[in-house]
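S.K.: Before we start, here is the structure in question, set down as structure tokens.
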Amino acid sequence: LAASPVALCSDDAAGAHAAAPAFDRFRSVADSPIKKRRKSAPMPEKKTAIVKVDSSYLETLMGYNATRASLKVIELFTKRMAVYDLRHVDFSILSIIMHNPGVTSRQLCGVLSILPPNLVGKIGIMEKRELVSRRPHPQDGRAVGLYLTENGARLMADAERTATNLEDDVTSRLSAAEKKTLMRLLQKIYR
């Protein structure tokens, strides 16, 4: 068993170093097996418990607010899309394919900022679920176009209705003009 800090500072049973304090045996604190910890700035003492946590600074940050809003939407989205066995990235991929029949993997990666290796796996799973099919591209013999199957089209028609209802629920406290402005401003940031 390793010696505890208490044992290092007290008399040991054999009497070795009994008269010397533990750190006197070393040339410097740096040589000591126990390093001194840096002292941090003292925290002001509070005499009362915090009733309401102050997050006012965080609420001035765009990233904080965008993340909080995103987490709220994704949480609800995940619950409602569970019946379709779709995650938000799967939904986005299928939606792009639905509205752009014959879109290539390269185009999908560009519009959704997905790495090609990640997309290959997703498309493979969607093919196994019979939601997507690959066909030769009409203009580029080297490229492959992606298309929804009948199952995929049915699933996405239902999933997009669910997503539209979800958006209405999440933004119910915003006016139509505020929704439009918020959407435009968010797109201005990421485009």
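Bear in mind these aren't lab numbers, they're just calculated from the coordinates by the rules spelled out. What you see is a predicted model, and the numbers here were worked out from it, not measured in a lab. No Cβ is skipped: glycine too gets one built from the backbone with ideal geometry, and neighbour counts run over all protein chains shown.
S.K.: List the residue pairs whose Cβ atoms are under 7 Å apart, where the first residue sits in the stretch 57-74 and is under 18 Å from Thr171 (Cβ atoms), the second is in a helix (DSSP H, G or I), and the two are 6 or more positions apart or on different chains.
M.R.: Once the first residue is under 18 Å from Thr171 (Cβ atoms) and sits in the stretch 57-74, its partners that are in a helix (DSSP H, G or I) give Asn65/Glu59; Lys72/Val170; Val73/Val170; Ile74/His88.
S.K.: Scanning for something touching a helix residue (DSSP H, G or I) at 6+ places or on another chain (Cβ under 9 Å), touching a residue at least 40 places away in the same chain (Cβ under 8 Å) and closer than 30 Å to Arg68 by Cβ, does the stretch 136-148 turn up at least one residue?
M.R.: For the stretch 136-148, residues touching a helix residue (DSSP H, G or I) at 6+ places or on another chain (Cβ under 9 Å), touching a residue at least 40 places away in the same chain (Cβ under 8 Å) and closer than 30 Å to Arg68 by Cβ: absent.
S.K.: I'd like to know if the stretch 90-104 contains one or more residues that are among the acidic types (Asp, Glu) and outside any helix (DSSP H, G or I).
M.R.: no
S.K.: A follow-up question, please. Please count how many residues of the stretch 144-180 are within 25 Å of the chain's Cα centre (by Cα) and surrounded by 12 or more Cβ atoms within 10 Å (Cβ to Cβ).
M.R.: 10
S.K.: Next question. Considering Leu131, Leu186, Leu112, which residue is in contact (Cβ under 8 Å) with a residue 12 or more places away in the chain and either within 21 Å of Val83 (Cβ to Cβ) or in contact with a Lys or Arg (Cβ under 6 Å, 6 or more places away or on another chain) (or both)?
M.R.: The match here is Leu131.
S.K.: Given the conditions (1) in contact with a Lys or Arg (Cβ under 7 Å, 6 or more places away or on another chain); (2) closer than 25 Å to Lys72 by Cα; (3) not basic (Lys, Arg), report the number of the one that Val144 does not fulfil.
M.R.: Answer for Val144: the failing condition is (2).
S.K.: Look through Glu130, Glu178 and report the one residue that is part of a loop (DSSP other than H, G, I, E, B) and either more than 15 Å from Asp90 (Cα to Cα) or not hydrophobic (A, V, I, L, M, F, W, C) (or both).
M.R.: Glu130
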